[in-house]
Structure formats: C-alpha cells, structure tokens
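Asker: If you scroll down you'll find the structure; I have some questions about it.
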Amino acid sequence: MAVKHLGDPQPEDAGTAPHAGISRRRFVLGSAAGAAALVPPLRPVRRCDLDAAPVGGTADVIVVGAGLAGLSAAYEIERAGRSAIVLEARNRVGGRTVNHDLGDGKVTEVGGTFVGPTQDRLMALATELGIGTFKSWDIGESVSFLRGVRGTYTSGDPVTFLSVPGGQDLVKAIGLLDGMAKKVPTSSPWTAPDAEDWDSQTFNTWKLANFAGAEGRLALDVISEQVWGAEPRDMSLLYAAWYVAQAGNEDTPGSLLRLITTTDGAQDSRFLGGSQRISIEMARRLGGSVVLGAPARRIAQEHGRVSVDTDRGRFVGRHVIVAMPPAMAGLLRYEPALPALRMQLTQRFPSGSYAKVEAVYDRPFWRDAGLTGQAFGDQVVGATFDQTPPDGSPGVLIGFIGGQHARAWDTLDLAGRRQATLDAFAAYFGDEAADPREYIEGRWTNDLWSRGDPVGFAPPGVLTGFGTALRAPIGRIHWAGTETAEYWIGYMEGAVRSGQRAAAEVLGELS
Ligand SMILES: Cc1cc2nc3c(=O)[nH]c(=O)nc-3n(C[C@H](O)[C@H](O)[C@H](O)COP(=O)(O)OP(=O)(O)OC[C@H]3O[C@@H](n4cnc5c(N)ncnc54)[C@H](O)[C@@H]3O)c2cc1C
C-alpha cells in the first residue's frame, strides 16, 4: 500500500503537496478553453529554477500569495488593463487547494474541494475558465457515531437528525445560530447589536448555557472542530454567528445547515479535474507575471511606491495586495511599521488545527451498502465524505481531523497517524475501510506556508477590538485572503471574493 504524507515540515521552498506542473500539452488545451473575449490571453507561468539568479520586476500592482485570492486579484487587475506580478512562496499555485494525482488522469483534492449554492463568484470564475462541476455523491444514508452509538441520517434532512444521538440539539443549534446570524452584518460583525455580549464569550460558554445533554454538546464540539479546526472554547461566539451569517450571499441569508450539508449545501459539488485547476488556469493566463519560489520577506512603502523584497529579488509596484491568512501576513516585515491595530490583529487571528486524510480503495464499497460515505462522530476523524472521481473509480474516502484531535494526532509518527485514521474509517464503515490501497494526508498545520487551516478564526474580543483592521488598506497595502471576505469566509468562494474586492480597491486608486 502506498503512503503519501503531504504535510511534514518542509524546507521553505519545497511546498507540502504535489507540484502542479504546467505542461505544454495543458497549455494548448487551455488556449482553446479560454476564448472568452475579456479573459487575459494565455502565457507560460514563470517556473523558477531555484538555482537561477534572482529575478525582480515592476508592475502596477504586486500581489503576494498565489492562492485563489491573490490570483483572482491579479486576474481582475490584468483584465482591467493594468499590470500585476504575483509572488508565491511555494513552487506551485493554489495555496490551500492542491490536487493529488491518482493515475489514469484522475485526481483527488488534499485541500479545498467542494462548492455549493450561493458560491456564485467561484462558480462564475470556474465557468469562465472552462472548468465544469459534478455532484458530490450523496445517495443513501449517512452514518452518525457518537458515544458508541451508531445511527444513520439523511445529509440534507434535519428531520432525520432527530433520531440520532445529539441530533435534536443539532437541530436546535441550527435554529438558534441561524437566528443570531440574521443580526450580524456580514461586512462588519463588530457592529451587530449584540456584538459586545457575543464577543465577550466563547462558543463553548454559549454551548453550555443552551445545551444540557452530553450528546448535543459533543455534536457541537465536532461541528466546531470540523468547520473551524478549533474547539468551542477557542472561539468567540460572535465569530461563530458571523461565520454562519456569511454562508450565503447578498440575496440568501447564511445558515449552519448550508455549511454542514451536501446536496444544496457547501459540499454540493466538485470541480472536474480538481479545484486546484482554477488556480492553475488563472496562472496560465497571467503567464510570466506569476513568480514561484519567491517568498516575500519585507514590504516597504516609500516615495509613492511599494517594494516587496523576496528570495527572488525586489519587486516594485504602485500598490501591493497581501493575499494570505492574517497570521501569515503578520510574519512579513513592514516598513514603516503597520499601525498597532493591524499588527495586533495578526497576532490574534490564529488559523485552525486541521488535517485532511484520504484512503483510496479499488472501489467505493460503502455505496454497495447504501451509504453516502458521509459520517459524523466523536472519532479522531470527525467527519468523512466520498471523494471518488466522477466515473466511480477508484473509491476515495476522505476525512477531517480538527481541533484537539488534530493536535494529538499530529504528534504521532506516520504509522500511528495512518492507524488512527483507518481505525476511525473502520468504526464508521466497517473493516473493509481499514485496508486501502493508498493512504494520503494533508497536514496543513505543519505546512510552512499555511501553518494552520482550514481558516483563521477569532477568539473572544478580537472582532470587536480589532476587526476594523481586517480589510482596511494601509496606505498602498491592501488585504485579501478568504479571512477578509464578506461572504463565505473560510471557503474558496471567500478567497475569490476577497481577491476581486482588493483588485477593485486598487483599480479605484489607479484610475
Ligand atoms: C483541508 C482543507 C479543506 C478545505 N475544504 C474546502 C472545501 O471543501 N470548499 C471550500 O470552498 N474551501 C475549502 N477549504 C478552504 C479553501 O481551500 C480556502 O479558503 C482557500 O483556498 C483560501 O485561499 P486564499 O487565497 O485566501 O489563501 P491561501 O490558499 O492560503 O493562499 C495564500 C498563498 O500565500 C502564499 N504565501 C504565504 N506566505 C507567503 C510569503 N511570505 N510570500 C509569498 N507567498 C506566501 C501561500 O503559499 C499560499 O499560496 C479547505 C481548506 C483546507 C486546508
């Protein structure tokens, strides 16, 4: 059985995931797909030879980070006729999205994967880039396994939650949180009427006050670990309500149910060829203006310009967009120093503790038993999904390990991590799950260029005390990254929205 572990601590330029090579063949295929009139033309991505002499350059806008946020920003800037250079620390684009090759032209994603209703900007972008979607497998029953009791439910039907342990409280929590979310402005949660009260308590304080049953409390712990990679005690109640409020769009209020469900929810669909394709296709169109293997170290605003010093030389622009999680942005050196509110925000907005684990089988055997491959429980792996390629082969079961489980699991050696993962898969789906032909893990918390995932979260006091600094530009420095979004923070949609918003800010200044 092959073992892949993608998150071991890495040298700075190695990245943690399979490099997405951009071959000549793909380049030609991309040409045909990108015929839309306003789409920037295709150009080859600058693949840095790390032994080569440093590079440098000038453009209207320097973008730091070639995840979906940074690439979306550069794509909009070039579309508007301005120039952009994107600087990326890793030797690949896509950031928290990365494809893993399964052979035979098939892939599985080790980071962000699913897309669903109200994630309109991401869908529009993918369509423009010629990337289609297919429905996630959601046929049959899903498994619940809390405190040793196994049950089944239907993913999108809260009525069926009522019969599984903790399910009644989960339905109650959805009602309460959705109601609270309606009072939270998505662009400025710190202005919510109850902001001070909710930001003065943890999600755990609220959980203990509203839910007496052990199963219900445990179910909320699992939700918190799965959605944020954090324990309820780590996180502000205002942040939780804001996150729920954001799980919608300008016309559709956010809902916790949308966050956790598959059909019609955040896990509704997947991208053909894998989600990293979106970044790869944007990078192709940006061509030589994407510089890989170029970690930014210092950003200086001087003489009406911004210069970004990297391991690949100095890049100078009229504006810079920093497109990464707040905690990562805080690692850069800024001259002059940033205002205290912004510097302190980056010290107070940690990324979650999280891992994505995957087992590959000859076939998705759980489907034969009428199961969706989705499970929810108090095992090390708190939730699973079927991530099998669209033609049904091989079978790919993925799971997420979050919060305190991730912290403990991560201390194990590879054999221990694999065993703990497969034990959990077997608890949900039986012994067949214990014997995959390949095991893959994405230990993003160990990754030098992410240092946590899937999202940065706010402990108590941060949104009300420092939230205004989350996306406010500082001189010629603008902020992007999913954490700065107004809808779908923590998701690919939020990343795209944030990049487009930062691009609009800069274009407004340049005009
Ligand atoms: C395991 C996992 C599962 C997920 N599942 C889903 C899902 O199913 N659906 C969904 O919508 N979302 C999901 N997400 C979240 C989604 O992947 C992210 O929200 C999104 O990709 C974030 O994009 P971004 O551009 O904001 O940040 P990032 O992707 O983190 O991009 C930041 C970039 O900055 C680079 N960088 C960092 N420091 C420097 C530096 N000093 N200099 C230069 N570059 C630097 C990084 O290498 C990175 O490429 C998941 C995430 C993870 C990790």
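Asker: Taking the options Pro253, Pro295, Pro326, name whichever one is more than 26 Å from Leu129 (Cα to Cα), crowded, with 21+ Cβ neighbours inside 10 Å and either more than 16 Å from the chain's Cα centre (by Cα) or in contact (Cβ under 8 Å) with a residue 12 or more places away in the chain (or both).
Answerer: Result: Pro326 is the single residue among Pro253, Pro295, Pro326 that is more than 26 Å from Leu129 (Cα to Cα), crowded, with 21+ Cβ neighbours inside 10 Å and either more than 16 Å from the chain's Cα centre (by Cα) or in contact (Cβ under 8 Å) with a residue 12 or more places away in the chain (or both).
Asker: Can you confirm whether segment 69-82 contains a residue that is closer than 30 Å to Gly395 by Cβ, modelled with pLDDT of 95 or more and assigned by TED's automatic domain parsing to the domain that holds Asp311?
Answerer: No, the conditions are met nowhere in segment 69-82.
Asker: Filter segment 484-498 down to the residues that are more than 7 Å from the ligand (Cβ to nearest atom) and part of a helix (DSSP H, G or I), then identify the one that is nearest to Gly452 (Cα to Cα).
Answerer: Among those that are more than 7 Å from the ligand (Cβ to nearest atom) and part of a helix (DSSP H, G or I), it is Thr484.
Asker: Restricting attention to segment 93-101, does a residue exist that is surrounded by 24 or more Cβ atoms within 10 Å (Cβ to Cβ), within 20 Å of Tyr354 (Cβ to Cβ) and either more than 10 Å from the ligand (Cβ to nearest atom) or over 18 Å from the mean Cα position of the chain (by Cα) (or both)?
Answerer: Within segment 93-101, one or more residues are surrounded by 24 or more Cβ atoms within 10 Å (Cβ to Cβ), within 20 Å of Tyr354 (Cβ to Cβ) and either more than 10 Å from the ligand (Cβ to nearest atom) or over 18 Å from the mean Cα position of the chain (by Cα) (or both).
Asker: Continuing with the same structure: I'm trying to understand the selection: among the residues of segment 325-342, which are more than 16 Å from the ligand (Cβ to nearest atom) and under 17 Å from Glu483 (Cα atoms)?
Answerer: Selection gives Leu341, Arg342.
Asker: Does Val316 fit the bill of being surrounded by 24 or more Cβ atoms within 10 Å (Cβ to Cβ) and of a type in the set (A, V, I, L, M, F, W, C)?
Answerer: Taking the combined requirement at face value, the residue does not satisfy it.
Residues are listed down the side, and each one gets a yes or a no for (1) within 26 Å of Phe349 (Cα to Cα); (2) crowded, with 24+ Cβ neighbours inside 10 Å; (3) without any contact (Cβ under 8 Å) to a residue 12 or more places away in the chain; (4) within 18 Å of the chain's Cα centre (by Cα):
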| position | (1), (2), (3), (4) |
| --- | --- |
| Ala245 | yes, yes, no, yes |
| Leu257 | yes, no, no, no |
| Gln276 | yes, yes, no, yes |
| Ile280 | no, yes, no, yes |
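Asker: May I ask you to list the residues in segment 428-483 that are among the aromatic types (Phe, Trp, Tyr) and within 16 Å of the ligand (Cβ to nearest atom)?
Answerer: Answer for segment 428-483, where residues must be among the aromatic types (Phe, Trp, Tyr) and within 16 Å of the ligand (Cβ to nearest atom): Tyr439, Trp444, Trp449, Phe457, Trp479.
Asker: I'd like the full set of residues that are acidic (Asp, Glu) and surrounded by 18 or more Cβ atoms within 10 Å (Cβ to Cβ), limited to segment 179-204.
Answerer: Asp199 - this is the single residue of segment 179-204 that is acidic (Asp, Glu) and surrounded by 18 or more Cβ atoms within 10 Å (Cβ to Cβ).
Asker: Of Gly475, Gly467, which residue is farther than 21 Å from Glu225 by Cα and more than 22 Å from the chain's Cα centre (by Cα)?
Answerer: On inspection, the qualifying residue turns out to be Gly475.
Asker: A further question on this structure: Regarding segment 350-372, can at least one residue be identified that is assigned to a strand (DSSP E or B), in contact (Cβ under 8 Å) with a residue 60 or more places away in the chain and closer than 22 Å to Gly156 by Cα?
Answerer: Yes, some residue in segment 350-372 is assigned to a strand (DSSP E or B), in contact (Cβ under 8 Å) with a residue 60 or more places away in the chain and closer than 22 Å to Gly156 by Cα.
Asker: Same structure again: Scan segment 87-113 and report the pairs whose first residue is more than 23 Å from Gly402 (Cβ to Cβ) and whose second residue is aromatic (Phe, Trp, Tyr) and more than 8 Å from the ligand (Cβ to nearest atom), with Cβ atoms within less than 9 Å and a gap of 6+ or a chain change.
Answerer: Note: pairs meeting the criteria are Leu87/Phe315.
Asker: Select from segment 76-126 the residues that are closer than 15 Å to Trp488 by Cβ and part of a loop (DSSP other than H, G, I, E, B) and list them in ascending order.
Answerer: The answer is Arg96, Thr97, Gly112, Thr113, Gly116, Pro117, Thr118, Gln119.
Asker: Let me ask something additional. Does segment 315-334 hold any residues that are outside any loop (DSSP other than H, G, I, E, B) and under 21 Å from Val496 (Cα atoms), and which are they?
Answerer: Those that are outside any loop (DSSP other than H, G, I, E, B) and under 21 Å from Val496 (Cα atoms): His319, Val320, Ile321, Val322, Ala323, Pro326, Ala327, Met328, Ala329.
Asker: Another one. Enumerate the pairs (first residue in segment 433-453 and under 30 Å from Phe365 (Cα atoms); second residue anywhere and β-branched (Val, Ile, Thr)) with beta-carbon separation below 6 Å, excluding pairs fewer than 6 apart on the same chain, so at least 6 apart or on different chains.
Answerer: Taking only residues 6 or more apart or on different chains, the pairs are Pro436/Val360; Arg437/Val360; Glu438/Val360; Tyr439/Val3; Glu441/Val357; Gly442/Val110.
Asker: Could you list, in sequence order, all residues of segment 148-163 that are assigned to a loop (DSSP other than H, G, I, E, B), over 29 Å from the mean Cα position of the chain (by Cα) and closer than 22 Å to Gln267 by Cα?
Answerer: Leu162
The values are calculated or read from the model by the stated rules, or taken from the named source; none is laboratory data. These figures come from a predicted structure and were not determined experimentally. Because the Cβ atoms are built from the backbone with ideal geometry, glycine has one as well, and the counts that use them run over all protein chains shown.
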